[in-house]
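Taken together, the values in this text are just the output of simple stated rules run on the coordinates, not laboratory data. Predicted model, so just to flag it, every value in this text is computed and none were measured. Counting neighbours? That spans all protein chains shown, and the Cβs are built from the backbone with ideal geometry, glycine included.
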Amino acid sequence: MKYRSMGALACLLLAVPAVAQAQPAGEVRAAVQAATPQLQAWRRDLHQHPELGGEERRTADIVARQLRALGLQPRTGIAGTGVAAVLKGGRPGPKILIRADMDALPVREETGLPYASQVTASYRGQQVGVMHACGHDAHVAILLGVAQALAARRDSLPGGVMFVFQPAEEGPAVAGADFGAKLMLDEGLLRDFQPDAAFGLHVWAGLQVGQIGYKAGPLLASADEWSLTVTGKQTHGSRPWDGVDPITVGAQVLLGTQSMIARQINIAQTPVVLTAGQFNSGVRFNIIPDQATLVGTLRTFDPKVREDVIARFDRIATDYAHAAGASAVLKVINNAPATINDPALSAKVRPSLEKVAGADKVVEMPLQTIAEDFSQFANRVPGFYFLVGSTGVGIDPAQAPANHSPRFLLDEAALANGMAAMLQVTTDYLEAGAAR
Ligand SMILES: [Zn+2]
Ligand SMILES: [Zn+2]
């Protein structure tokens, strides 16, 4: 990773007082250098011992122990395995929340790393391999590093920082339970601590190590899980006129949704994706069954568009079913709202990212149709979420195994880069707020 010490110096000479008090990149660099061996050790240990969403007991114990070693008093067991601790700075200033997610995925690791996961677990009735295939092991290590660096200068630190170690970002291991961020908030995470801003990051295979990606405004999609149940009337497969075929109705509704998006939604304004991942019905080739169920995901970037698409989907389902003499029930559960970076906060943060990564390495991302429940925090207070490149030099990020792949391979330089970026962003924010 390149550090722009000249850039930082120019910034100090030219800047207005609020910026001049921002933490110099040199201090961040020193803190990150000191922490780097520890970051790697934490991350490798977590990588070898991944835990599924809601089951991050060992991870949470390590986190809580480390936070206590820093002199903090972590709250544990929030939303099951969540951990949070508040660091009070010695000077008045703003309050912020920094979040890391802790959970791994039901993926059997194929990286061949010496510290690759051998862990297996039961996941929704199946025995599966467990792997940190999304890199949340790195997120935990990075946030522990940031906590350590901020705690070391607590007397001179303005404001306060809540470190949030969240379970189940990928969803709970048990079907039907809520995702971790919402659960933590529902359990009163912010009852006694109201942050002025929330920050989060993700290591990202789609970017080269050293690069940092972000986008002001919507960055990641809202993810809804939908299920459609079509009820018809069972009959012999040779005599469809005696019954009502729910399979044809389900197929018509599904195609109707695709026409609706293409013909009724202004996709030049904001993209919409509606996918069915399961279509289940029947037991035998010559029986028209009673019922068909479709299950899928809806991705949107604008809360109003989301509402509109769901209303149209519901109308299509009801009307198509009615036309065939069947009935249809649509259920939609929101797993994560869209992750929207506060535009003013994004503008404020960009110079901090440039300070640590170099201006040419800070890239504006296109919309990503994946989702993240960091949005639950960013929906309450201005939030900023960014991506940290994790694909090693010499490998094309476009060809590299993506996050969630069994061959997802994190270049560990991303640990220092992620810590430097988060530390610079958050300390600059706190110092700027204190100076006002
Ligand atoms: Zn993921
Ligand atoms: Zn993830």
### Task
Within the set of other residues whose C-beta is less than 14 Å from the C-beta of F408, count the net charge using Lys and Arg as +1 and Asp and Glu as -1.
-3
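Using 0.36 nm per residue, how much length does the chain from K233 to R65 gain when fully extended, once their Cα-Cα distance is taken away?
Length gained between K233 and R65: 54.6 nm.
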### Query
Tilt of helix 25-48 relative to the longest C-alpha principal axis of the chain, in degrees (0 to 90, nearest 10)?
40
### Message
Please report Rg (one decimal) and Dmax (integer) in Å for the Cα set of the chain.
### Response
24.0, 84
### Query
Excluding V161 itself, what net charge comes from residues whose Cβ is under 15 Å from its Cβ, given Lys and Arg +1 and Asp and Glu -1?
+2
#### Entry: Relative intensity, log₁₀ I(q)/I(0), of the range 209-333 from a Debye sum that treats every alpha carbon as a point, q = 0.22 Å⁻¹
-1.19
### Summary
The simple spin-label model distance between R58 and Q40, using points 7 Å out along Cα→Cβ, in nm, is 2.2
### Summary
Within the under-11-Å Cβ sphere about L97, not counting L97, Lys/Arg +1 and Asp/Glu -1 give a net charge of +2
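Quote the charge dipole size of the range 210-295 about the Cα centre in Debye, to the nearest 20; the model charges only the Cβ of Lys and Arg (+1) and of Asp and Glu (-1). Before the final figure, lay out the partial values.
On the way: 5 positive and 5 negative charges, 32 e Å.
In debye, rounded to 20, the range 210-295 gives about 160.
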### Message
Quick check: residue separation of D186 and Q127 times 0.36 nm, minus the Cα distance between them. What number comes out in nm?
### Response
18.2 nm
### Query
For the chain, with the dipole built from +1 on Lys and Arg beta-carbon atoms and -1 on Asp and Glu ones, taken about the Cα centre, which of S238, Q194, V140 lies farthest toward the positive end?
Q194
### Task
Can you pull the one-decimal nm distance between simple spin-label points at Q73 and N280, each 7 Å off the Cα toward Cβ?
4.8
#### Entry: Reduced Cα scattering model of the range 259-356, Debye log10 I(q)/I(0), q = 0.12, 0.23 Å⁻¹
-0.58, -1.27
### Query
Taking the simple approach of a point 7 Å from Cα along Cα-to-Cβ for both I267 and A323, what is their distance in nm?
2.1
### Task
Arrange the following residues from fewest to most other Cβ atoms within 10 Å of their Cβ: K361, K331.
K331, K361
### Message
Checking the a/c ratio against 1.5 first, then a/b against b/c, what shape does the Cα gyration tensor give for the range 53-93?
### Response
prolate
### Message
I'd like the trypsin sites (Lys or Arg not before Pro) in the range 23-124 restricted to DSSP loop residues with at most 13 other Cβ atoms within 10 Å, sorted by number.
### Response
R124
#### Entry: Positive-end residue, the range 191-312 charge dipole about Cα centroid, Cβ charges, pick of L254, T300, V273
L254
### Task
List the lysines whose Cα lies under 24 Å from the Cα of K95, skipping any in the same chain that are fewer than 8 positions away.
K182, K215, K348, K355
#### Entry: Rg(Cα) / (2.2 N^0.38 Å) computed for the range 245-306, rounded to two decimals
1.37
## Note on the structure
On the formula 1/(1 + (r/R0)^6), with r taken between the Cβ atoms of A116 and D155 and R0 of 35 Å, the FRET efficiency rounded to 0.05 is 0.25
### Message
If each DSSP helix of 4+ residues adds -39,500 (n - 2.57) and the sum is divided by the residues in the chain, what number results at 222 nm, nearest 500 deg cm²/dmol?
### Response
-12000 deg cm²/dmol
